[in-house]
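What follows draws every value from the coordinates through simple rules; no lab data is involved. Since this is a predicted model, take the numbers as computed values, not measurements. Here the Cβ positions follow ideal geometry from the backbone for every residue, glycine too, while neighbour counts run over all protein chains shown.
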Amino acid sequence: MVASRTPHWIQNLGLSSGKIAPVIPLARGITVHPLDTILKPQSIAVVGASRHEGSIGREILHQLIEFDFHGKLFPVNSKADFIHSIKAFPSVASIPDPVDLAIIVVPRGEVLSAIDDCGKKGVTGLVVITAGFSETGEEGKEFESQLAERVRQYGMRMIGPNCMGVINTDPAVRMDATFAPTLPLAGRIAFMSQSGALGVAILNIARQLGIGFSYFVSLGNKTNVSGNDLLQYWEDDPQTDLILMYLESFGNAKKFMQICRRISKRKPLLVVKGGRTEAGVRAATSHTGALAARQGLDVATGALLEQCGVVRVNTVEELFDLAMAFSKNPLPRGNRLGILTNAGGPAIMATDAATALGLSMATFSERTCHELRRLLPPEASIQNPVDMTPQSDRSKYDACAQILLEDDGIDMLLVVFVPPMMINAMDIIRGLEQLRHKYLKPVVGVIMATEEFFVELNRDHPNHMALYIFPESAVNALAALNHYREWREKPLGECKRFEVRKGAADEIIQEAQQQGRSELSGEESLRLIGCYGIPVAESIPAANPEELKRVARDLRFPVVLKAVAPDLIHKMDIGGVITDLRSPEELVAAAEKMTESVIRHRGGTAAAGNLGFLMQEYVRGGREVIVGMSHDPKFGPLVMFGLGGIYVETVKDVVFRVPPLTDLEAHDMIRHIRGYGLLRGVRGDAPVDFDALAEILQRFSQLAEDMPEIAEIEINPLLVFPHAADFRAVDARVRLVGDRKERA
């Protein structure tokens with residue numbers, strides 16, 4: 001027999017292995033998720049409930065009553081017998097019934113004792129509204145640390161602190177445990193927000209747009225329950241089809257990536273990420289680190305979100321634009337767009353936007369053109385976009401839209417209506433509403449009407465199609481649908497693990513660390529990447545001119561000579577690289593010339609004291625690319641690929657990804673640089689071996705993950721050719737963790 005406290009609506013969620021917290025088994029196979037007591041409680045205690053108008057304690061209790069919570073409510077206030085006509089209790093422990101969730105709205109100094117009170121009662125779910133913790137400074141951080149430990153000791157799960165509460169619109173629950181003034185609409189969108197104030201605005205905007213939620217959670221400081229926890233909870237939730245997120249920071253970025261990669265193949269995830277830049281980005285010596293720093297923290301965020309199928313937007317306005325499109329439309333079968341309009345200008349703007357965003361303007365079938373010509377006046381345009389002229393009424397819109405939706409060459413339809421005096425915009429919408437449900441194609445509209453029209457529309461037709469005021473917004477939403485469709489259809493690829501000489505690579509790093517060095521020499525750097533199967537140019541070091549002369553007798557010419565010193569970064573700029581040396585005599589002469597050049601640029605003869613040399617096989621031709629890694633403090637290693645050599649700083653044609661890289665992601669990195677055409681070959685040049693290049697990126701990704709001691713590593717240039725056997729890394733730099741840049 002099921003225990004008496006088991007909610008009747010609990011289902012066996014069938015959570016797969018690897019999720020944040022195990023489900024709790026009950027009788028006869030029924031299971032409870034650890035977050036159910038927060039998001040699906042049968043009983044709630046409001047600790048700090050108040051009679052005072054305008055107080056958060058009163059507003060939360062009021063919202064629960066107003067939204068018709070389907071469970072028991074227990075106000076907790078030691079100074080009141082009744083609040084909101086409900087019997088109040090002096091403590092949670094004094095409540096005679098079981099309590100699933102406690103919402104804590106007491107001053108910060110009373111929070112820990114409130115947690116103890118809940119712990120004694122056996123409460124397992126908490127929402128701590130109270131602020132004044134880590135967001136306020138060091139003292140607040142200490143309070144939050146104590147709070148986290150207390151919650152852990154009692155085995156509770158907690159949203160907050162410093163949050164605005166939680167909402168579940170499920171008819172079996174109906175919980176609005178927030179202090180937002182706007183009651184939410186029911187829907188199939190789950191929303192998490194790291195900002196409480198923004199959460200209030202989001203609920204207001206959603207109500208105005210007629211967008212409903214299945215859940216709304218204000219995460220606050222994420223001390224216990226994280227965004228990753230909620231994502232896993234909503235992954236299998238039958239009430240949720242779409243997940244929206246406002247995030248300011250990531251907790252476990254790697255885990256976020258793994259979770260989203262899995263969920264995004266089933267449910268769309270849309271995110272607006274705050275905190276796109278950071279003042280005072282740490283100094284970086286490599287091109288990789290410098291480029292990552294210049295572009296800010298947003299580089300890592302963008303790479304991570306793109307790799308795991310999350311649709312990223314730049315503003316809350318765009319988030320709602322896309323939410324309307326995703327929640328009201330199926331995914332398109334392809335990227336071919338048809339446009340139906342009664343005005344030429346907006347259609348031209350839509351066409352320009354579609355082309356810029358990678359959509360294709362559909363070509364109509366002969367039947368479609370014939371039917372359109374039969375219906376429309378001679379002055380109308382039957383090409384895409386179809387301009388019906390301003391006199392077109394509902395019957396014309398209905399008939400033409402149906403013709404276009406029946407054309408197999410059209411994957412999505414944009415309908416533009418600029419209301420003339422004699423035609424009612426609401427009639428146009430009613431006709432399209434009836435029509436769009438008959439076809440499994442996205443249909444969105446642009447209604448260039450007054451604000452009053454949209455107020456009336458949202459009031460009288462809350463479930464209307466996705467409508468926009470401007471054509472660019474509508475096209476952007478359709479492009480996002482198509483982009484997500486492409487992600488869903490694209491296989492993830494395989495993360496290969498290569499056989500490497502990791503032990504030898506470790507020895508190179510350990511030797512440098514034992515000597516107190518924060519950088520490897522050029523020769524050591526090349527040996528290090530060679531341990532991971534990356535082809536390198538054959539290199540021989542010489543510590544001084546005398547050693548160079550001894551070695552020169554046994555070299556195979558031609559060779560390249562490079563100056564070696566700890567602070568020599570751009571060697572070419574000061575004459576530190578001389579190519580195509582064909583004899584020992586030329587090599588020695590080049591070394592003398594190089595020494596003079598370094599002395600001149602570094603100021604005095606003493607500057608030559610630590611100057612060494614590196615002799616390399618001369619690799620002719622090839623196309624120069626760069627492969628690098630910079631260690632981001634929040635995301636870990638960040639792999640970069642792009643055009644190398646002189647192009648790095650001038651063109652800055654690079655892309656970033658978060659390892660590990662699958663084989664398909666490695667190929668995707670290569671295709672994403674603007675210089676991809678150069679690698680494919682121009683004017684008869686053969687393309688480089690892309691499979692070999694992609695494997696090098698994967699091997700480099702493995703190195704970046706295997707070697708946490710490396711702060712920055714860069715291969716520049718890596719010379720690539722049509723045949724993999726010719727590939728050579730001719731220069732590399734490695735900086736280790738622990739020098740002044742990490743300590744800053």
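Along region 323-334, what does the Karplus equation 6.51 cos²θ - 1.76 cosθ + 1.60 (θ = phi - 60°) give for ³J(HN,Hα), rounded to whole Hz, x for Gly and Pro?
Running phi through 6.51 cos²θ - 1.76 cosθ + 1.60 with θ = phi - 60° gives 4, 4, 5, 5, 7, 10, 9, x, 6, x, 7, x Hz.
What pairs from Lys265/Lys328; Lys121/Lys222; Lys222/Lys255; Lys441/Lys490; Lys496/Lys562; Lys40/Lys79 go past 26 Å between their alpha carbons? Please report the intermediate quantities before stating the final value.
Working: Lys265/Lys328 19 Å; Lys121/Lys222 24 Å; Lys222/Lys255 15 Å; Lys441/Lys490 20 Å; Lys496/Lys562 35 Å; Lys40/Lys79 29 Å.
From Lys265/Lys328; Lys121/Lys222; Lys222/Lys255; Lys441/Lys490; Lys496/Lys562; Lys40/Lys79, over 26 Å: Lys496/Lys562; Lys40/Lys79.
Among Ala380, Ala347, Val418, flag the residue with its Cα farthest along the positive direction of the charge dipole of region 301-422, charges on Cβ as +1 for Lys/Arg and -1 for Asp/Glu.
Ala380
For region 623-743, what does the convex hull of the Cα positions come to per residue, in cubic angstrom?
Taking the convex hull of the Cα positions in region 623-743, it is 104 Å³ per residue.
Which whole-number percent is the relative contact order of region 623-743 (Cα, under 8 Å, 6+ apart)? The partial results should precede the final answer.
Values: 220 pairs, mean separation 34.1, N = 121.
The value is 28 percent.
Neighbour counts of other C-beta atoms within 10 Å: give me Leu555, Leu372 arranged from fewest to most. If you can, show how the numbers build up before the last one.
Numbers: Leu555 18, Leu372 22.
With the fewest neighbours first, Leu555, Leu372 line up as Leu555, Leu372.
Exactly which GluC sites (Glu not before Pro) in region 645-725 are in a DSSP loop and have at most 16 other Cβ atoms within 10 Å? Please list the in-between numbers first.
Values: sites: Glu649, Glu665, Glu695, Glu705, Glu709, Glu712, Glu714; in loops: Glu709.
Filter output for region 645-725: Glu709.
Which of Ile529, Val151, Asn463 sits closest to the plus end of the dipole of the chain, meaning its Cα is farthest towards the positive end, when Lys and Arg get +1 and Asp and Glu get -1 on the C-beta?
Of the listed residues, the answer is Val151.
If all Cα-Cα distances of the chain are sorted into 10 Å bins from 0 onward, what percent lands in each bin, rounded to whole numbers?
Using 10 Å bins, I get a P(r) of 3, 12, 18, 18, 17, 15, 10, 5, 2, 0, 0 for the chain.
Check which residues have an amide H placed less than 5 Å from Asp170's amide H, if you skip close sequence neighbours.
Amide H to amide H, under 5 Å and 5 or more residues apart or across chains, Asp170 pairs with Met175.
For every other residue with a beta carbon closer than 11 angstrom to the beta carbon of Leu435, add +1 if it is Lys or Arg and -1 if Asp or Glu, then tell me the sum.
On the way: positive: Arg394, Arg430, Arg436, Lys438, Lys441; negative: Asp398, Glu406, Glu433.
My count for the surroundings of Leu435 gives +2.
Roughly speaking, what % of Cα-Cα pairs in region 502-617 are separated by over 25 Å, rounded to a whole number? Walk me through the numbers before you get to the answer.
Details: 1692 of 6670 pairs.
Tail fraction, whole percent: 25.
Using the alpha-carbon centroid of each, what span in Å lies between region 323-382 and region 206-267?
Taking the Cα centre of region 206-267 as reference, the centre of region 323-382 is 34 Å away.
Along the positive direction of the dipole of region 623-743 (beta-carbon charges: Lys, Arg +1; Asp, Glu -1; about the Cα centre), which of Pro722, Val734, Ala692 reaches farthest?
Val734
Expressed as a rounded percentage, what relative contact order does the chain have, with Cα pairs under 8 Å and six or more residues apart?
Values: 1437 pairs, mean separation 62.0, N = 744.
Relative contact order of the chain: 8 percent.
Give, rounded to the nearest 20 debye, the magnitude of the charge dipole that region 623-743 has about its Cα centre when Lys and Arg contribute +1 at Cβ and Asp and Glu contribute -1 at Cβ.
So the magnitude is around 400 debye.
Roughly how many debye, to the nearest 20, is the charge dipole of the chain about its Cα centre, given +1 on each Lys and Arg Cβ, -1 on each Asp and Glu Cβ, and no other charges?
Details: 80 positive and 91 negative charges, 206 e Å.
The dipole of the chain has a size of about 980 debye.
Using a simple charge model, +1 on the beta-carbon of Lys and Arg, -1 on the beta-carbon of Asp and Glu, nothing else, what dipole does region 502-617 show about its Cα centre, in debye to the nearest 20? Present the calculation step by step, with values, prior to reporting the outcome.
On the way: 13 positive and 18 negative charges, 32 e Å.
The dipole magnitude comes to about 160 debye.
If each residue's Cβ is checked for other Cβ atoms within 10 Å, how do His370, His437 rank with the fewest at the top? Walk me through the numbers before you get to the answer.
Working: His370 13, His437 10.
Listed from fewest to most nearby Cβ atoms, that is His437, His370.
Quick check on packing: order 39-50, 383-394 by the mean number of other C-beta atoms within 10 Å, highest mean leading. Please report the intermediate quantities before stating the final value.
On the way: 39-50: 25.9, 383-394: 19.2.
By packing density, highest mean first, the sequence is 39-50, 383-394.
Amide H of Arg728: which non-local residues (sequence gap of 5 or more, or other chain) have their own amide H closer than 5 Å, using H built in the peptide plane?
For Arg728, the qualifying residues are Leu719.
Just how many % of Cα pairs in region 328-489 lie over 29 Å apart, if you round to the nearest whole percent? Could you put the intermediate results ahead of the total?
Numbers: 1411 of 13041 pairs.
Counting every Cα pair in region 328-489, those more than 29 Å apart make up 11 percent.
Using each residue's phi in region 222-233, evaluate 6.51 cos²θ - 1.76 cosθ + 1.60 at θ = phi - 60° and report the 3J(HN,Hα) Karplus result to the nearest Hz, with x for Gly and Pro.
Here the 3J(HN,Hα) series is 6, 5, 10, 7, 9, x, 4, 4, 5, 4, 5, 5 Hz.
Run the helix sum for the chain: -39,500 (n - 2.57) per DSSP H stretch of 4+ residues, divided by residue count, reported at 222 nm to the nearest 500 deg cm²/dmol. Don't skip to the end; give the middle numbers.
Numbers: 25 runs with 277 residues, N = 744.
Value at 222 nm, helices only: -11500 deg cm²/dmol.
Can you put Arg582, Arg728 in order, fewest other beta carbons within 10 Å first?
Taking fewest neighbouring Cβ atoms as first place, the list is Arg582, Arg728.
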